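Every number in this text was worked out from the coordinates using simple rules, so none of it is lab data. Remember, predicted model here, so these are calculated numbers, not experimental data. Don't worry about glycine lacking a Cβ; one is built from the backbone with ideal geometry, like all the others, and counts go over all protein chains shown.
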Amino acid sequence: MDRMAPARILQVCSSLAWGGTEMHVPILSGKLRARGHDVRLVLHPKGSIAGESRELGFPTETIPIGGYVNPVTTCALGRCIRRFRPRVIHLHLSRDLWQTVPAARLAGYDGPVVLTKHVGSYVTKTDPLHRWLYRRVSRVITVSETLNRNVRETCPIDPERVVTVHPALDLERFDPTGYDRMETRKSLGFPSGAVVVGTVGRVSPGKGYEEFLQAARLLRDRHPDVPLRFLVAGEASYGEEAYHDGIVHYARELDLAETVLFAGFRRDIPALLNAMDVFIFPSRAEGFGATVIEAMAMGVACVSTRSDGTLDTVEDGVTGLVFQGGDAEGLARSVESLLTDEQLRTRIAENGCRQARERFNLDAMTDRVEALYAESKAHPA
């Protein structure tokens, strides 16, 4: 597999949210920078990722390119490309093709355009405009095999140019030996003997928070003598604050105010995972589900939906327990199985940890992306 010599790499992501897609961009960029590449980011000024990237010291240009057609922002992006003269342009949202492809033409850019698809397409893109855009894409990277099939079925691109590269994580950071479990629980206000069940992620529609709360109520009522505590680490995406507030209100309606802690946005996710006995991934649809492998790496037994993106990571009864998205009763039964069977919980936690460390190594992922950059050729539109 080829390795690319140090080069200028432009990462583009107009997302306003903060989740697995957005976290992936600075993680990958950091590894590329550590290998000698000159990495610059183009981000939306209102996106959480912009502040995060600046804190990490990345040269960052903020251009509001989230819309499909905007001559002003397209020209601004074109000027950025002309100044930076990248060897590779790497996009992380397919909608950013609409402005990046014209901007690249304006700038006279003749290098490869790489697109990572973190979520699936729900319509078949066979119209002339999409065909024109995807002709310019050298490679599409998908974060799961399910997404790989989805792209080949819905996007106008040669299947040979679609490859799967699983996201990965920093195994040094996600190492349970580096955190004090009891100290974290104490900081959260949990009793020393509490049984902690938690989840991590954006508080957004479709992420399964309704089922999470319903299952919490079922488990609390069935096991009144167990000091159960439920933890939600995450905040609303931009523009979805009302949904977040509604979920908090729903917890009160279920009489869970003393049982569920909404911790908000946190930077100490490994410590929070280390404090849990069981991790729940309740999202009804997901491209990959990065928090699942984070929990696995921390040695926490996982319960997950059968969402497409987790099929690459969660094997029922081996590396986790699965339930049908939207089924609060099924979720409660799966969590109950882990809480009442210590041997099962330990076996699943150990299997998950082993898989996370073997399959989702950050250096291996970066090797693969670098090789794809090196072998990608320009495809003029």
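Taking neighbour Cβ counts within 10 Å as the exposure measure, how do 254, 41 sort from fewest upward?
Exposure proxy ranking, most exposed first: 254, 41.
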Candidates 38, 341, 367, ranked by Gaussian network fluctuation over the chain, Cα under 10 Å, top entry: 341
query: Label points 7 Å out from Cα along the Cβ direction at residue 318 and residue 172: separation in nm?
result: 3.2
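Rg over Rh of region 218-331, using C-alpha atoms and the Kirkwood radius, what does it come to?
0.95
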query: Applying the Karplus parametrisation 6.51 cos²θ - 1.76 cosθ + 1.60 with θ = phi - 60° to the phi angles of region 209-226, what ³J(HN,Hα) value in whole Hz is obtained for each residue in order, glycine and proline being reported as x?
result: 5, 4, 5, 4, 6, 4, 5, 4, 5, 4, 5, 5, 5, 7, 10, x, 8, 9
task: Kindly state, to the nearest 0.05, the FRET efficiency for residue 255 paired with residue 183, given R0 = 51 Å and r defined as their beta-carbon distance.
output: 0.95
message: Can you give the Rg/Rh ratio of the chain, where Rg is from the C-alpha atoms and Rh is the Kirkwood radius?
response: 0.99
- prompt: Amide H to amide H, which residues 5 or more places from residue 169 or on other chains are under 5 Å from it, using H placed in the peptide plane?
  reply: 362
field: Kirkwood Rh and Cα Rg combined as Rg over Rh, evaluated for region 32-90
entry: 0.98
field: Average projected area [Cα convex hull, region 22-179], square nanometres
entry: 10.5
- line: region 173-245: spread of alpha-carbon positions along the three principal axes, whole Å, largest first, is 36, 36, 19
message: Please list log₁₀ I(q)/I(0) at q = 0.11, 0.13, 0.19 Å⁻¹ for region 258-381, using the Debye equation with identical point scatterers on the alpha-carbon positions.
response: -0.44, -0.58, -1.06
- line: 1/(1 + (r/R0)^6) with r = Cβ-Cβ of residue 122 and residue 222, R0 = 25 Å, i.e. FRET efficiency to nearest 0.05, evaluates to 0.10
query: Hey, in the GNM for the chain with a 10 angstrom Cα cutoff, which one of 117, 186, 207 fluctuates hardest?
result: 186
- prompt: Given a Förster radius of 22 Å and the C-beta distance between residue 75 and residue 377 as r, what FRET efficiency does 1/(1 + (r/R0)^6) yield to the nearest 0.05?
  reply: 0.25
query: Expressed in nm², what is the orientationally averaged projection area of the convex hull enclosing the Cα positions of region 87-137?
result: 3.6
